[in-house]
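The values are calculated or read from the model by the stated rules, or taken from the named source; none is laboratory data. Quantities reported herein were computed from a predicted structural model and do not represent experimental measurements. Every residue, glycine as well, gets a Cβ built from its backbone with ideal geometry; the counts of neighbours run over all protein chains shown.
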Amino acid sequence: MSPIATGVSPTTTGTANLNGGDQVVDLAVAGQHTGPALADVPALDLFSLAGKAVIVTGGARGIGLCIGTSLLEARCAHVYCCDVLPEPNAEEWAKAKLVARRFGGKISYTRLDITNVDMVNEAFEQIYEESECEVSGLLAAAGIQQMIPALDYPAEDFRRIMDVNVAGTFFTIQAAARQMQKRQIAGSIVMIASMSASIANKGLTCLAYNTSKSALLQMCRSAAAEWGQYGIRVNTVSPGYVRTAMTDQLLAQRTDLEEEWLRGSMLNRLSTPDEYRGPILYLLSKASSFTTGADHLVDGGHTAY
Ligand SMILES: NC(=O)c1ccc[n+]([C@@H]2O[C@H](COP(=O)([O-])OP(=O)(O)OC[C@H]3O[C@@H](n4cnc5c(N)ncnc54)[C@H](O)[C@@H]3O)[C@@H](O)[C@H]2O)c1
């Protein structure tokens, strides 16, 4: 296996020999990891996940399962969905199975509570051990939401949100990064944060949720800084409002919210889970080989107002 560079030869110390050429070298890639020279990969193929496997938490429904399914369309060989629910949503799972058959990939389901650190480490060890292909990606999409006025927030509810959205997410990215480091996989970790990490939602009382999601932005930067030396990239995606079971629940509690949300969107609409396929595929694939430690707002312009 040889180190890769975009069109030039890296030296043994991992620095690049530019040879007077005018091509740009990706030192992180050149110094550490193997694979085809990226400059020779046709642009659309940079997004292919052929021969790779990806773990998706929150993979029983909603954004997690939608994106998991779309990874199969990008030729991912195996998508490992994990979620605390006993089984995935029947309708969405049936669709995922159809897509797997059509594109020749596999999708499987493991019941996993991400707040249980031992279970997370065990489940990930098992997935990495048994996978026939390199598990190069993790999408950490599991999360919970609650709308309670801050003055009334019960301590146990606040702790629960932090436990799932912050500690649980950390346990999953740590378990994945441990496996990647041990197996010398230049992997990509993507956490679903939220635009709520960067704003106070008007008319919404989601202090604990917003606080938990902003913690992910810092977790992303710090983990990326520590794990970059292993070629492991860490990024967050921050969606705007998405129509899923999570938001349906909020809208059922407060029917006036939808109008408020629409006013905040420059595109004057809410988003759908499939609109996150492109950004997340970019981050999980070679297309984003020099992207790490960054938050990616996909919010219909909401936070720009
Ligand atoms: N829907 C939105 O508008 C929106 C906006 C921004 C960010 N997000 C984030 O996107 C992610 C997916 O949300 P969604 O809208 O698809 O909601 P969802 O409720 O449909 O999906 C979340 C999944 O996480 C799982 N989960 C919860 N606790 C868990 C635990 N302890 N262990 C393992 N799995 C657990 C749930 O069972 C569920 O399947 C969440 O992190 C959410 O905060 C959603």
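Just one of LEU251, LEU257, LEU262, LEU281 is assigned by TED's automatic domain parsing to the domain that holds SER196, in contact (Cβ under 8 Å) with a residue 60 or more places away in the chain and touching a Leu at 6+ places or on another chain (Cβ under 9 Å); which is it?
LEU281
List every residue pair whose Cβ atoms sit under 6 Å apart, with the two residues 6 or more apart in sequence or on different chains, where the first one lies in the stretch 48-63 and is free of Cβ contacts under 8 Å to residues at least 40 places away in the same chain and β-branched (Val, Ile, Thr) and the second, anywhere, is assigned to a strand (DSSP E or B) and within 12 Å of the ligand (Cβ to nearest atom).
Qualifying pairs under 6 Å: none.
Pick from the stretch 257-305 the residues that are under 14 Å from PRO239 (Cα atoms) and among the polar types (S, T, N, Q): which of them is farthest from the chain's Cα centre (by Cα)?
Here the residue is SER265.
So, in the stretch 130-181, how many residues would count as being in contact with a strand residue (DSSP E or B) (Cβ under 9 Å, 6 or more places away or on another chain), among the small types (Gly, Ala, Ser) and part of a helix (DSSP H, G or I)?
The total comes to 4.
If TYR230 satisfies every condition in (1) within 26 Å of MET219 (Cα to Cα); (2) out of contact with any strand residue (DSSP E or B) (no Cβ under 9 Å at 6 or more places or on another chain); (3) surrounded by 19 or more Cβ atoms within 10 Å (Cβ to Cβ) but one, which is the exception?
(3)
Which residues, taken from the stretch 80-95, are more than 11 Å from the ligand (Cβ to nearest atom) and within 22 Å of PHE170 (Cβ to Cβ)?
Result: TYR80, single match.
Return yes when LEU71 is modelled with pLDDT of 95 or more, within 25 Å of THR244 (Cβ to Cβ) and within 16 Å of the ligand (Cβ to nearest atom) and no when it is not.
Taking the combined requirement at face value, the residue satisfies it.
Is one or more of the residues making up the stretch 183-192 in a loop (DSSP other than H, G, I, E, B) and in contact with a helix residue (DSSP H, G or I) (Cβ under 6 Å, 6 or more places away or on another chain)?
yes
Going through the stretch 254-277 one residue at a time, which ones are surrounded by 14 or more Cβ atoms within 10 Å (Cβ to Cβ) and not charged (D, E, K, R)?
LEU257, TRP261, LEU262, GLY264, SER265, LEU270, SER271, PRO273, TYR276
Any residue in the stretch 108-119 that is within 23 Å of PHE170 (Cβ to Cβ) and among the acidic types (Asp, Glu)?
Scanning the stretch 108-119, I find at least one residue that is within 23 Å of PHE170 (Cβ to Cβ) and among the acidic types (Asp, Glu), so the answer is yes.
Mind checking whether some residue in the stretch 101-122 is closer than 25 Å to LEU216 by Cβ, more than 16 Å from the ligand (Cβ to nearest atom) and in contact (Cβ under 8 Å) with a residue 12 or more places away in the chain?
No, that holds for no residue.
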